[in-house]
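What follows is a short report on a single structure.
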Amino acid sequence: MKRNAIVVLIGLILSATLATVVGAKIRSIADLESNPTKYQNKTVTITGVVRDSDGLNIPIIGIRGGCYKIDDGTGSIWVCTDEGVPTKGAQVKVKGVLQNGATIKGKNYGLVIMEKDRKFSKR
């Protein structure tokens, strides 16, 4: 009986791990741009280097947010955030929802990722 419980527990752990790995697959920006309707309003993950930014970050009074452009070697895409924007040249991994036709503060960014999570990578 105890052995069956251990086998079931190991099976659940492996299943959860596999689901996490499959769900977190990193997409190329070229793939997102060539198939935007496939990923529209879905969570995607990309990695790349910040090439441009348009935002504000004033920690003292709590004003932050904007958009920044990521290049992964296959293309580039704008990522919009409510947090501070990363500096140019930063290597980042971003998870967010792909949207088309985003207009932020009067500026149209076209195809964008609305950031949910960001991690900085070491070079």
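Structural remarks
- Some residue of segment 104-113 being at pLDDT 85 or above and of a type in the set (D, E, K, R): no
- Note on segment 76-114: residues that are in a loop (DSSP other than H, G, I, E, B) and crowded, with 17+ Cβ neighbours inside 10 Å total 4.
- Answer residue from segment 86-123, given it is small (Gly, Ala, Ser) and touching a strand residue (DSSP E or B) at 6+ places or on another chain (Cβ under 6 Å) and is nearest to ARG27 (Cα to Cα) among those: GLY96
The values are calculated or read from the model by the stated rules, or taken from the named source; none is laboratory data. If you're wondering where the values come from, they're calculated on a predicted model, not measured in any experiment. Here the Cβ is made from the backbone with ideal geometry for all residues, glycine too, and neighbour counts use every protein chain on show.
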